[in-house]
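Participant: Submitted below is the structure of interest, expressed as structure tokens.
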């Protein structure tokens with residue numbers, strides 16, 4: 001499963017150990033980060049050369065990573081517009097989102113008030129962050145389940161699928177899965 005990690009600049013500076021623990025847990029659970037951007041961001045922060053940031057690229061890449069992810073983990077101990085924007089984008093795309101905050105952080109009533117089927121809120125400190133991440137990933141891991149959805153097609157597509165199924169001995173669903181997998185392999189992010 002692909003996981004996108006979101007956090008603020010303040011959290012990068014003050015919670016690096018937590019972010020590293022999150023990344024390690026994702027890796028230990030055999031999942032993949034959409035991008036390992038934390039190291040690059042920390043170098044940039046330590047350089048104090050904020051003018052060097054290409055914000056258009058960062059914005060575009062962040063939204064692309066959300067779209068390519070199966071779930072989103074957001075460390076929200078510090079309020080930040082950019083983090084909120086990315087969370088909203090993930091919710092709009094119906095991605096499961098974990099809002100994760102230190103139990104010692106200032107309590108933000110707005111974040112705690114988010115009620116959505118796609119959003120889960122958790123505080124770490126008394127409960128280890130690794131346990132929270134592991135539970136969230138297990139709840140949302142669909143790799144062991146086949147997914148089903150309705151797919152409306154026109155007559156030429158149906159005729160092609162029927163012909164291809166007869167010719168190859170595969171089901172129409174198998175043919176479509178192979179075509180989609182081929183496209184994914186070509187455009188792997």
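The values are calculated or read from the model by the stated rules, or taken from the named source; none is laboratory data. What you are looking at is a predicted structure, and each value in this text was computed from that prediction instead of being measured. Because the Cβ atoms are built from the backbone with ideal geometry, glycine has one as well, and the counts that use them run over all protein chains shown.
Participant: So which residues in region 2-37 are touching a residue at least 12 places away in the same chain (Cβ under 8 Å) and at positive phi, if there are any at all?
Facilitator: Matches in region 2-37: none.
Participant: Against the definition (more than 18 Å from the chain's Cα centre (by Cα), assigned by TED's automatic domain parsing to the domain that holds residue 88 and in a helix (DSSP H, G or I)), how does residue 10 come out, yes or no?
Facilitator: yes
Participant: Find all pairs meeting these conditions: Cβ atoms under 8 angstrom apart; at least six residues apart or on different chains; first residue within region 47-75 and farther than 28 Å from residue 123 by Cα and assigned by TED's automatic domain parsing to the domain that holds residue 98; second residue at pLDDT below 80 and surrounded by 10 or more Cβ atoms within 10 Å (Cβ to Cβ).
Facilitator: Correct list of pairs: 50/44; 52/44; 53/44.
Participant: What is the number of the single condition among (1) at pLDDT 90 or above; (2) out of contact with any strand residue (DSSP E or B) (no Cβ under 7 Å at 6 or more places or on another chain) that residue 140 does not meet?
Facilitator: Condition (2) is where residue 140 drops out.
Participant: Test each condition in (1) within 16 Å of residue 137 (Cα to Cα); (2) modelled with pLDDT under 90 for residue 95 and report the one that comes out false.
Facilitator: (2)
Participant: Let me ask another. Condition check: loosely packed, with under 15 Cβ neighbours inside 10 Å and modelled with pLDDT of 95 or more. Does residue 60 satisfy that?
Facilitator: When the stated conditions are applied, residue 60 does not pass them.
Residues are listed down the side, and each one gets a yes or a no for (1) in a helix (DSSP H, G or I); (2) at positive phi; (3) out of contact with any helix residue (DSSP H, G or I) (no Cβ under 7 Å at 6 or more places or on another chain):
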residue	(1), (2), (3)
39	yes, no, yes
43	yes, no, yes
57	yes, no, yes
67	yes, no, yes
79	no, no, yes
86	yes, no, no
91	yes, no, yes
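Participant: Taking region 14-57 only, how many residues are farther than 25 Å from residue 133 by Cα and surrounded by 11 or more Cβ atoms within 10 Å (Cβ to Cβ)?
Facilitator: 3
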